[in-house]
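First up is the structure itself, then whatever we jot down about it.
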Amino acid sequence: MKNTALTEKHIALGAKMVPFAGYNMPVTYEGINAEHATVRNGVGVFDVSHMGEFILKGENALDLIQRVTSNDAAKLYDGKVQYSCLPNQDGGIVDDLLVYRIDEKTYMLVVNASNIEKDWNWIQQFNDKGVETHNISDQTSLLAIQGPKAADALQSLTDVNLASMEYYTFVKGTFAGVDNVVISATGYTGAGGFEIYFENQYANQIWDAIFEAGAAYNIKPIGLGARDTLRLEMGFCLYGNDIDDTTSPIEAGLGWITKFSKPFTNSEALQAQKEAGIQKKLVGFEMIDRGIPRHDYEIVDAEGNVIGKVTSGTQAPSLQKAIGMGYVTKDFSKEGTEIFISIRNTSIKAKVVKFPFYK
C-alpha cells in the first residue's frame, strides 16, 4: 500500500486509516457528520494526494487531448480548468478527469487515484504525434481546502487574491513560502474552496502553514468519508460507483461535457445514442420511507419489478434525510416519480428528485 507525504500527520492526528485505491488514506478523524458540517459551514482540509497528475506538452498536446476526451478543450485558455471524461470504445467511460491549460502547449490532466495506470496506458495508445508526457502523480501532493471560510483562512499565505478567483480557474504562484504552487478553484464538495498542488517535499511545510493560518477559522482535517457525503449531496459522480467502463456519459447526465463539435473516441456511437434516446438514466432520489440506500441495492417499481440499481447512497448530514443516485429505466426517470429501494427484501418508498440535493 502506498502512503502520501502526509500519512504520518494523519496517524498522529488520530485519523482512522483505510486502504483506498492502493493508498493508506484517512477516512475520518472525529466522525463523518462533524467533519461534513465543518466543510459546509467553515473550512476543512482533505489530503487527496492519491489523485493522479499527468503533464502533456508540445505542438500536438491539444490535439491528443481533443481526441481522447469528450469535452472541447479548444475552449480552454491559460489558467482555465475543464471537467471532462475519457470515453472508451464500447460506450462507457475510462475515467472522468480535469484538464488544466497551463499554456498553449502545456496541459495538466488530473485523474482518479484508482485509474492512474489505466488512464496513462489509455492515453499513450493514442499518442502517435510525439506529445511529451510525464506522469508526475508520485511526486505531487494535493490538498483540497474546502468550505465558505477557505479564502479567508488561506489568504495570508499567498499574494493571489483568492476571493476573486472564478470557479474552474487556477493560477501558479507562491503559497506558504513555496514557489510554483498550483492554486485551483474547482472543488468536489459544493462548499467552495481551493486545491493546492505542490511537490511532495513541501507537504509538511504547507500543511503546517495552512493549519496555523486557519486556526482562527477553526480549520480541521477532513477524511474521505465526509468527502463522499459532501459530493453526494451535490449529485457529483464518483468513478467506480456512478460511472464506470459500462456507463455512457449520456446515460450519466454528462451530456454537457460530451461535445460533438469534434471527433473523439467513440463519438459517433455516443452521438447516435443521444439522438436515438437513452433507455436508462442516472437519477437522484430521496427516501420517503425510513431506510438508507446503498451501492448495488436494487431499485424496483410498485409491483416489485427491478427497474434499476443504486450506485451511491447515504444519510445526508446537511439534509437530515436519506438520499441516493442510481440508474433507472427511462419511464421512471422523471422528477417526482415514485420508486422503491429493495432493502433486505422490503420495498422502501422513494421519489426521483433533481440534482443537486443540497441547494
### Query
Scanning for something under 22 Å from GLU53 (Cβ atoms), among the aliphatic types (A, V, I, L, M) and not in a helix (DSSP H, G or I), does region 231-239 turn up at least one residue?
yes
### Query
Any idea which residue in region 180-189 is surrounded by the most Cβ atoms within 10 Å (Cβ to Cβ), counting only those that are at pLDDT 95 or above and small (Gly, Ala, Ser)?
SER184
### Within region 71-98, considering residues that are small (Gly, Ala, Ser) and closer than 20 Å to SER184 by Cβ, the one nearest to the chain's Cα centre (by Cα)
SER84
#### Entry: Count of region 302-357 residues which are in contact with a Lys or Arg (Cβ under 8 Å, 6 or more places away or on another chain) and among the aromatic types (Phe, Trp, Tyr)
2
### Summary
When every residue in region 161-179 that is among the hydroxyl-bearing types (Ser, Thr, Tyr) and not in a strand (DSSP E or B) is compared, the one surrounded by the most Cβ atoms within 10 Å (Cβ to Cβ) is TYR168
### Query
What are the residues in region 180-190 that are in a loop (DSSP other than H, G, I, E, B) and under 18 Å from VAL99 (Cβ atoms), if any?
ALA185, THR186, GLY187, TYR188
### Task
Can you give me the number of residues within region 136-160 that are crowded, with 20+ Cβ neighbours inside 10 Å and either of a type in the set (Phe, Trp, Tyr) or under 18 Å from ILE222 (Cα atoms) (or both)?
11
## Note on the structure
Scanning region 191-230 residue by residue, those over 25 Å from GLY313 (Cα atoms), β-branched (Val, Ile, Thr) and in a helix (DSSP H, G or I) turn out to be ILE206, ILE210
### Task
Could you please find all residues in region 257-286 being part of a strand (DSSP E or B) and crowded, with 17+ Cβ neighbours inside 10 Å?
LYS280, LYS281, LEU282, VAL283, GLY284, PHE285
### All positions within region 122-156 that are assigned to a helix (DSSP H, G or I) and of a type in the set (Phe, Trp, Tyr)
TRP122
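One line per residue, one yes/no per condition, for (1) among the acidic types (Asp, Glu); (2) surrounded by 18 or more Cβ atoms within 10 Å (Cβ to Cβ); (3) at negative phi:
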| position | (1), (2), (3) |
| --- | --- |
| VAL18 | no, no, yes |
| ASN24 | no, no, yes |
| GLU30 | yes, no, yes |
| ILE65 | no, yes, yes |
| ALA74 | no, no, yes |
| ASP90 | yes, no, yes |
| VAL94 | no, yes, yes |
| LYS105 | no, no, yes |
### Query
For ASP119, are the conditions met, namely being surrounded by fewer than 17 Cβ atoms within 10 Å (Cβ to Cβ), touching an Asp or Glu at 6+ places or on another chain (Cβ under 6 Å) and among the acidic types (Asp, Glu)?
no
### Message
Here are the criteria: (1) more than 15 Å from PHE54 (Cα to Cα); (2) among the polar types (S, T, N, Q); (3) free of Cβ contacts under 8 Å to residues at least 60 places away in the same chain. Tell me which single one ASN121 does not satisfy.
### Response
(1)
### Summary
For region 251-278, pairs from a residue that is of a type in the set (Lys, Arg) to a residue that is in a helix (DSSP H, G or I) and surrounded by 15 or more Cβ atoms within 10 Å (Cβ to Cβ), with Cβ under 6 Å and 6 or more apart or across chains, are LYS262/GLN66
### Query
Which of the residues spanning region 308-332 are closer than 16 Å to ALA252 by Cα, surrounded by fewer than 19 Cβ atoms within 10 Å (Cβ to Cβ) and either more than 23 Å from the chain's Cα centre (by Cα) or not charged (D, E, K, R) (or both)?
THR329, LYS330, ASP331
### Query
Mind checking whether some residue in region 148-162 is out of contact with any Leu (no Cβ under 7 Å at 6 or more places or on another chain), outside the structural domain of ALA226 (by TED's automatic domain parsing) and within 23 Å of LYS80 (Cβ to Cβ)?
no
### Message
Test of understanding: among VAL99, VAL131, VAL110, which residue is under 30 Å from THR246 (Cβ atoms), crowded, with 17+ Cβ neighbours inside 10 Å and out of contact with any Gly (no Cβ under 9 Å at 6 or more places or on another chain)?
### Response
VAL99
### Query
Could we say that LYS220 is buried (at least 19 other Cβ atoms within 10 Å of the Cβ) and either in the same structural domain as PHE357 (by TED's automatic domain parsing) or modelled with pLDDT of 95 or more (or both) here?
yes
### Message
Every residue in region 240-249 that is within 15 Å of LEU86 (Cβ to Cβ) and part of a loop (DSSP other than H, G, I, E, B), please.
### Response
GLY240, ASP244, ASP245, THR246, THR247, SER248, PRO249
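The values are calculated or read from the model by the stated rules, or taken from the named source; none is laboratory data. What you are looking at is a predicted structure, and each value in this text was computed from that prediction instead of being measured. Backbone-built Cβ (ideal geometry, glycine too); neighbour counts: all protein chains shown.
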